[in-house]
Amino acid sequence: MALKTFAAVSIGSAVTEMKIFEFTQRRSMREIECVSTRINLGLDVYEQGRISREHIDELCGVLNDFKRTMSGYKVAAYRVFATSAFRESRNRSILCDYIEKQTGLEIDVFTNAEQRFVDYQAIASTSAEFETIIQNATAIVDISGSSTQISLFDKDKLITTQNIRVGNITTRENLVPLAKNGEHFEKLVRELMAYELAGFAKLYQKDRKIRNLIVLGGSLNEMMPMKNFLELQETSAPVPKKDAEGVKDTEIKIPSLTKDQFERIYKDMIAQTPEEIAAKYDLPSDMTDAIVPSAIICRSLIESFDVDVVWMPGFSLNDGVSYDYGVRMGLLTRRHSFDEDILAAARSIAKRYKTSQSHIRNIGDIAVQIFDRMKKVHGLGEHERLLLQIAVILHSCGKFISLTDISDCAYNIILATEIIGLSQKDRAIVAYTVKYNTSPFVYYEELKERTDLSAKEYMIVGKLTAILRVANSLDRTHHQKCSNITVTLKEHELKISVSSQQDLSLERGAFNEKVDFFEEMFNVRPVLKQKKSF
C-alpha cells in the first residue's frame with residue numbers, strides 16, 4: 001500500500017492549526033508537519049456576536065498559506081473544520097461562504113457534540129493508555145473559550161457528557177471587571193465552578209468516585225511543559241496497561257501528574273503576574289489570559305471530583321479528525337468501540353426520562369435483525385444502523401412529559417439534546433423516525449419547506465421508521481411476549497417467526513397496522529408466524 005497523506009485544519013477560538021499526517025504500511029499514522037497561528041476569533045464573538053472582517057481576512061491569508069503547504073506535501077485529502085467561535089457567530093453562513101470563495105477550502109462547522117466526540121477520538125487514537133484509564137471512573141474535560149465540556153466514563157463506557165457555560169474567555173471577560181485583584185478573581189471563578197459542579201454531581205456523578213481527570217484545551221500544556229512532567233514523574237507510580245499479548249507494560253505515554261503535583265505547579269503559577277508567567281514559560285503575553293482561568297477551572301474540577309491523577313495528553317482535534325479519516329479509508333484499525341459510547345450516551349438519556357429498559361432491549365434486538373436481513377433491499381450502512389438503534393432507545397422518552405402527545409414530545413427532546421458523536425442532521429433523522437413511529441408519516445413533498453433534510457436523508461427516515469414501527473408492534477403490551485425471534489427474507493416476503501405460548505392478539509393487531517407502510521417503503525411484506533413450543 002502506497003503512503004497517503006492527510007491534512008486536518010482546525011479553526012479554533014484562539015488558534016488556527018494544521019497538522020499533516022502520513023499513513024504507513026503498518027496501519028499507523030505519523031505526524032509530519034504542524035503549523036499554527038493565533039487569531040482571537042472567540043473574543044470577537046464574545047464582544048460583538050460575530051467575527052470581524054479584519055480577522056476573517058487574516059484567517060483567509062493563513063488558510064491560503066496552509067493550502068500551499070498541503071500542495072508541497074502532496075496531500076491526498078484534507079478536512080477544514082471550525083469550532084465554537086464559528087458555531088456561535090451570528091454571521092456564520094456568510095463567513096463560511098466568503099472563506100470558501102477566497103481560499104477554495106470548504107469548511108465544516110462542528111456542533112458541540114461532534115467536537116467533543118472528536119476530542120476523545122484523538123485520545124483513544126494516539127494513546128494505548130486510554131483503554132486502561134477509562135476502566136476506572138474518568139472525566140474527560142475540554143476547556144474552551146465559552147464553555148467546559150465534561151464527559152464521564154466508567155468501566156470502559158461513556159456515562160454522560162455535559163456542557164457547562166464556564167470558559168476561559170467568558171470567565172475572564174465577565175469576572176475580571178468584578179475582581180479587586182488576582183486573588184479575588186480566583187475566588188470568583190472557584191465560586192462559579194462550585195455552583196456548576198454541584199449540579200453536575202447531583203445529576204450525574206452521584207456517589208461515583210472519579211479517579212482520573214483527562215484535561216484537553218485551555219493551553220494548560222503550555223503551562224506544564226514536558227520537562228516538568230519528566231521531573232515530576234520520577235516519583236509517580238506508573239499506570240499499568242496490557243498489550244496485545246496480555247503482558248503488562250508500565251510505560252506512560254500520556255503525561256500525568258498526581259493531584260499534589262498539579263497543586264504545586266498551580267500555586268507557583270497563580271501567585272505570578274501575567275507578565276511573569278509569559279516570561280517563565282516563554283509564552284505570548286495574550287496566551288496567559290486563557291491559561292490563568294483555565295488553570296483555576298481545572299483546579300476546581302480536581303477539588304470537586306477529588307481525583308487521583310491528572311492526565312494532559314496535549315492532543316488536538318486534528319489528531320482525532322485524522323484518525324477518523326484513516327479508519328474510514330481502511331488505513332487504520334479502530335482501537336476503541338466508539339459506536340458503543342454513542343449508544344451508552346443514548347441509554348443514559350433514556351434512563352433520565354424513565355423509559356422501559358426491558359422494552360427497549362426487546363425491540364432493539366428485533367429492529368436490528370430486520371435491518372440486517374433487509375440490507376440488500378434498503379441499501380443502508382452501519383451508520384444508519386446506529387441511528388436506528390438510537391431511535392429505538394429514545395422512541396418512548398416523550399412519555400416523561402405527556403402520555404397523549406408522546407411522539408411530538410420525544411421529537412423535541414431529541415432535537416434539544418446533544419448526543420455525542422451525532423451531527424445535527426443525524427439527530428434530525430432520529431427525531432423524525434421517533435416522531436413517525438406513532439404519528440402519521442408526512443412525505444417529503446409535503447414537508448420539504450419545513451426541514452433541512454435532503455430528499456435522500458428523508459428516505460433514510462422513512463426506511464428507519466418502517467423498521468421501528470414493525471419492531472415496536474411486536475412488544476405492544478411491553479410484556480416481551482415474543483422471544484426467540486428469527487427473521488427470514490424470501491423474495492417479497494419478510495417472515496418474522498416468534499416463539500410464544502401467550503396470547504399475541506394485541507401484538508398481531510398492532511403488527512397488521514404497520515405492514516402496509518413497510519411494504520410501501522421496501523416492496524417487501526412482513527408476515528408474523530407464531531410457534532407455540534412447549
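Structure summary
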quantity: Selected residue [open to solvent by 20 Å² or more (accessible area, probe 1.4 Å), assigned to a helix (DSSP H, G or I) and of a type outside the set (D, E, K, R)] from Asn412, Asn437; calculated: Asn412
quantity: Top-ranked residue of segment 284-330 - restricted to ones that are part of a helix (DSSP H, G or I) and in contact with a Pro (Cβ under 8 Å, 6 or more places away or on another chain), ranked as nearest to Glu196 (Cα to Cα); calculated: Val292
quantity: Members of segment 397-406 found to be open to solvent by 10 Å² or more (accessible area, probe 1.4 Å) and touching a helix residue (DSSP H, G or I) at 6+ places or on another chain (Cβ under 8 Å), listed by number; calculated: Lys399, Phe400, Ile401, Ser402, Asp405, Ile406
quantity: Pairs with Cβ under 7 Å, 6+ apart, first in segment 46-59 and more than 19 Å from Ser36 (Cα to Cα), second open to solvent by 80 Å² or more (accessible area, probe 1.4 Å); calculated: Gly49/Arg90; Arg50/Arg90
quantity: Tally of residues being open to solvent by less than 10 Å² (accessible area, probe 1.4 Å), in contact with a strand residue (DSSP E or B) (Cβ under 6 Å, 6 or more places away or on another chain) and closer than 20 Å to Ile349 by Cβ across segment 152-181; calculated: 3
quantity: Hits in segment 45-61 (condition: assigned to a helix (DSSP H, G or I) and either open to solvent by 40 Å² or more (accessible area, probe 1.4 Å) or at pLDDT 90 or above (or both)); calculated: Tyr46, Glu47, Gln48, Arg53, Glu54, His55, Ile56, Asp57, Glu58, Leu59, Cys60, Gly61
quantity: Residue that is farthest from Thr170 (Cα to Cα), among those in segment 81-97 that are touching a residue at least 40 places away in the same chain (Cβ under 8 Å) and open to solvent by 50 Å² or more (accessible area, probe 1.4 Å); calculated: Arg90
quantity: Members of segment 158-206 that are of a type in the set (Ser, Thr, Tyr) and either part of a helix (DSSP H, G or I) or under 17 Å from Gly42 (Cβ atoms) (or both); calculated: Thr170, Thr171, Tyr195, Tyr204
quantity: Pairs where the first residue, in segment 363-374, is farther than 19 Å from His478 by Cα and the second is of a type in the set (Lys, Arg), C-beta under 6 Å, 6+ apart; calculated: Phe371/Arg385
quantity: Among the candidates Glu251, Glu275, residue that is modelled with pLDDT under 75 and open to solvent by 60 Å² or more (accessible area, probe 1.4 Å); calculated: Glu251
quantity: Output for segment 474-502, where each listed residue is within 26 Å of Gly381 (Cβ to Cβ) and in contact with a strand residue (DSSP E or B) (Cβ under 9 Å, 6 or more places away or on another chain); calculated: Leu474, Ile485, Thr486, Val487, Thr488, Leu489, His492, Glu493, Leu494, Lys495, Ile496
quantity: Subset of segment 345-392 [crowded, with 18+ Cβ neighbours inside 10 Å, at pLDDT below 95 and either on the phi > 0 side of the Ramachandran plot or not in a helix (DSSP H, G or I) (or both)]; calculated: Thr355
quantity: Residues that are in a loop (DSSP other than H, G, I, E, B) and farther than 17 Å from Ile107 by Cβ, drawn from segment 62-77; calculated: Tyr73, Lys74, Ala76
quantity: Tally, over segment 393-416, of residues that are of a type in the set (S, T, N, Q), over 21 Å from Asn362 (Cα atoms) and at pLDDT 90 or above; calculated: 2
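The rows are residues; the columns are (1) in contact with a Pro (Cβ under 8 Å, 6 or more places away or on another chain); (2) within 18 Å of Lys463 (Cβ to Cβ); (3) among the acidic types (Asp, Glu); (4) assigned to a strand (DSSP E or B).
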{"site": "Leu494", "(1), (2), (3), (4)": "yes, yes, no, yes"}
{"site": "Gln501", "(1), (2), (3), (4)": "no, no, no, no"}
{"site": "Leu506", "(1), (2), (3), (4)": "no, no, no, no"}
{"site": "Ala510", "(1), (2), (3), (4)": "no, no, no, no"}
{"site": "Val527", "(1), (2), (3), (4)": "no, no, no, yes"}
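The values are calculated or read from the model by the stated rules, or taken from the named source; none is laboratory data. A quick note: this is a predicted structure, and the numbers were derived from the prediction, not measured. Note that we place each Cβ from the backbone using ideal geometry, even for glycine, and neighbour counts take in every protein chain shown. Accessible surface areas use protein heavy atoms only, side chains included; no ligands, DNA or RNA. Shrake-Rupley method; radii C 1.70, N 1.55, O 1.52, S 1.80 Å.
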